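Everything on this sheet refers to the single structure shown next.
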Amino acid sequence: KGGTPLMRAHPLLALDLPLKLLIWESDDHDVFVSYNAPRYLADRYRLSRREADALGVVEAITQSVVSA
């Protein structure tokens with residue numbers, strides 16, 4: 001829903017959408033959550049502040065996962 005207008009405006013953004021989270025465990029049993037930050041994607045694809053804010057949902061989801 002939110003990604004389609006962004007991909008229409010910035011077709012190469014489709015390389016990074018849909019947004020993904022990688023949850024992984026190190027050999028030392030530490031758990032990490034990795035993802036491309038909205039600010040990184042905004043810089044990479046020259047998104048406006050409003051467009052970048054639309055990608056911010058990944059950080060809200062990350063906080064939910066980390067807090068669980």
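The values are calculated or read from the model by the stated rules, or taken from the named source; none is laboratory data. All of these numbers come straight from a predicted model, not from anything done at the bench. Quick reminder, even Gly has a Cβ in these numbers, built from the backbone with ideal geometry, and neighbours come from all protein chains shown.
Give the stretch 20-32 a look and list any residue that's surrounded by 10 or more Cβ atoms within 10 Å (Cβ to Cβ), without any contact (Cβ under 8 Å) to a residue 40 or more places away in the chain and in a loop (DSSP other than H, G, I, E, B), or say none.
Lys20
Tell me which residues, restricted to the stretch 50-61, are surrounded by 10 or more Cβ atoms within 10 Å (Cβ to Cβ) and not small (Gly, Ala, Ser).
Glu51, Asp53, Leu55, Val57, Val58, Glu59, Ile61
Could you count how many residues in the stretch 36-68 are over 21 Å from Pro5 (Cα atoms) and not hydrophobic (A, V, I, L, M, F, W, C)?
4
Scan Leu17, Leu47, Leu12, Leu41 and give me the residue that is of a type outside the set (S, T, N, Q), assigned to a helix (DSSP H, G or I), surrounded by 14 or more Cβ atoms within 10 Å (Cβ to Cβ) and modelled with pLDDT of 90 or more.
Being of a type outside the set (S, T, N, Q), assigned to a helix (DSSP H, G or I), surrounded by 14 or more Cβ atoms within 10 Å (Cβ to Cβ) and modelled with pLDDT of 90 or more holds for just one of Leu17, Leu47, Leu12, Leu41, which is Leu41.
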